[in-house]
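This report concerns only the one structure given below.
The values are calculated or read from the model by the stated rules, or taken from the named source; none is laboratory data. Being a predicted model, the structure only gives us computed values, none of them experimental. For neighbour counting, all protein chains shown are included, and Cβ atoms are generated from backbone atoms with ideal geometry for every residue, glycine included.
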Amino acid sequence: MAIPKLNVAMIGYKFMGKAHSNAYRQVARMMDPAAEPVMKLLVGRTPDALDAAAAQYGWQQTATDWRRAIRRKDIDIVDVCTANDTHMEIVLAALRAGKHVLCEKPLAMNTKQAARMAQAAVESGVKHMVNFNYRTCPAVALAKQLIAEGRIGRIFHWRACYLQDWIIDPDFPLVWRLDKHVAGSGSHGDLNAHIIDLALWLVGDIAEVSSAMETFVKERPLQAMTTGGLGAAAGDGRGPVTVDDAVISLARFRNGALGTFEATRFAAGRKNGWFFEINGDKGSVRFEFERMNELYFFDRTDPAHAQGFRTILATESIHPYLQAWWPPGHIIGYEHGFTHSVYNFLNAVARDTPPSPDFVEGARVNAVLDAMSKSAETRKWTAVPEIVITPLARV
Ligand SMILES: NC(=O)c1ccc[n+]([C@@H]2O[C@H](COP(=O)([O-])OP(=O)(O)OC[C@H]3O[C@@H](n4cnc5c(N)ncnc54)[C@H](O)[C@@H]3O)[C@@H](O)[C@H]2O)c1
């Protein structure tokens, strides 16, 4: 039976634009979503590069005016893959136009923006989701399943690091990710946001935090990059780095668990190395992204002489998302997480069910990010405000 088609307009076409395009191309070929995405319209600012990207990724049409693109009657879903400073304006316009919205993380530059976006999204009645794609790595989703089944028991510890090293060179240019006005924050909103989302999802809400942040290289060259097109600021000389390079945090969860978070772009040798470990009274789970098909599980109910961390190769068809893919042991990669996220979003739209993480969950991540920033600034433990969004009563 034919499934409904949903026309997508995607704004931004570089790193995440490429990852999302691949997901839209794959999802209905490899999985069984309740609706099929049509790659209708790719939106960007530079016509030549935009047309080349559309041709390469398989988008039917291009447009350079996102405001008009969003208002088009034939568009069902708006996918926001642009830099962080644009998320709120684009998302609010898309919600006003009645479109379903998938937005890259972090949802917003700060909690105030994020709460406004979440409120507008809840009011609008459309489907809204933030692309915290690491939730949909099968081994991470398996950790969630084991926790829900009580296999870890009462959680004592959350321990997570997100480590990269791409800006250790002090002559690496001042790209948009190092500009507070465009990115909001540095490793914090970029990397820490992911492990904060996972902590909230796997362990629960965070009550208070204590953080330290550092910017190790305070000025960088302004000249435009010739190779990467990373949005470097143009000009001569050096300009100030206005975001954090690294952040470390302690956290108290509302359920009594303790957590630690570390995010940095200065961990020499670590390219995209992140992990979490959760310890409970019945056992532990550990996930390492560079071995993303595996979940490490320790079960205290195993006989004492046979206890030890076991490695679950999460590639069986009974593991989350894997029925769609390959025979056991035929591993999957980074890009599959995006396909799974898009799959979840399409199903939510087609079946009228709530997607997760929605904008309210996205705003909760922003609230933790802001509390950590405030704590680093004041050098004090800082409470995380609760984000509760309820639709306004209509009279
Ligand atoms: N989910 C993840 O793991 C993940 C990974 C990387 C980035 N991201 C997020 O995705 C978003 C984009 O990051 P990226 O790595 O793709 O960046 P990028 O620099 O590779 O691409 C950004 C895109 O946004 C476009 N853009 C910026 N401002 C615009 C505007 N005003 N109008 C139209 N287009 C505009 C740029 O032209 C470019 O196409 C960010 O919010 C980032 O935090 C998420």
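If you go through region 294-312 one residue at a time, do you hit one that is under 23 Å from residue 164 (Cβ atoms), touching a residue at least 24 places away in the same chain (Cβ under 8 Å) and part of a strand (DSSP E or B)? Yes, that holds for at least one residue. The criterion of at least 3 residues that are under 17 Å from the mean Cα position of the chain (by Cα) is met, among helices (runs of 4 or more DSSP H) falling completely within region 137-231, by 138-148, 193-202.
Just checking, which of 152, 168 is in contact (Cβ under 8 Å) with a residue 40 or more places away in the chain, surrounded by fewer than 24 Cβ atoms within 10 Å (Cβ to Cβ) and away from the ligand (no atom under 16 Å from the Cβ)?
Details: 152 fails: surrounded by fewer than 24 Cβ atoms within 10 Å (Cβ to Cβ).
Exactly one of 152, 168 is in contact (Cβ under 8 Å) with a residue 40 or more places away in the chain, surrounded by fewer than 24 Cβ atoms within 10 Å (Cβ to Cβ) and away from the ligand (no atom under 16 Å from the Cβ), namely 168.
Just to be sure before I move on: is residue 350 closer than 18 Å to residue 197 by Cα and surrounded by 12 or more Cβ atoms within 10 Å (Cβ to Cβ) in the structure I sent?
No.
Taking region 1-51 as the region of interest, how many residues are among the β-branched types (Val, Ile, Thr) and either assigned to a strand (DSSP E or B) or in contact with a Lys or Arg (Cβ under 7 Å, 6 or more places away or on another chain) (or both)?
Just the residues of region 1-51 that are among the β-branched types (Val, Ile, Thr), to begin with: 3, 8, 11, 27, 38, 43, 46.
Next, only the ones that are either assigned to a strand (DSSP E or B) or in contact with a Lys or Arg (Cβ under 7 Å, 6 or more places away or on another chain) (or both) stay: 8, 11, 38, 43.
Residues flagged as among the β-branched types (Val, Ile, Thr) and either assigned to a strand (DSSP E or B) or in contact with a Lys or Arg (Cβ under 7 Å, 6 or more places away or on another chain) (or both) within region 1-51 amount to 4.
Listed conditions (1) in contact with a Phe, Trp or Tyr (Cβ under 6 Å, 6 or more places away or on another chain); (2) modelled with pLDDT under 95 are all met by residue 227, apart from (1). Scanning region 177-211 for residues that are β-branched (Val, Ile, Thr) and more than 11 Å from the ligand (Cβ to nearest atom) yields 195, 196, 203, 206, 209. Looking only at region 71-130, residues that are of a type in the set (Lys, Arg) and assigned to a helix (DSSP H, G or I) come to 4 in all. Close contacts from region 359-371, counting a first residue that is closer than 14 Å to residue 383 by Cβ and a second that is of a type in the set (S, T, N, Q), with Cβ to Cβ under 6 Å and a gap of 6+ residues or different chains, come to 367/111; 370/110; 370/111; 371/382. Within region 40-60, the residues that satisfy the criterion of being surrounded by 16 or more Cβ atoms within 10 Å (Cβ to Cβ) and either among the aliphatic types (A, V, I, L, M) or over 22 Å from the mean Cα position of the chain (by Cα) (or both) are 40, 41, 42, 43, 50, 53, 54, 59.
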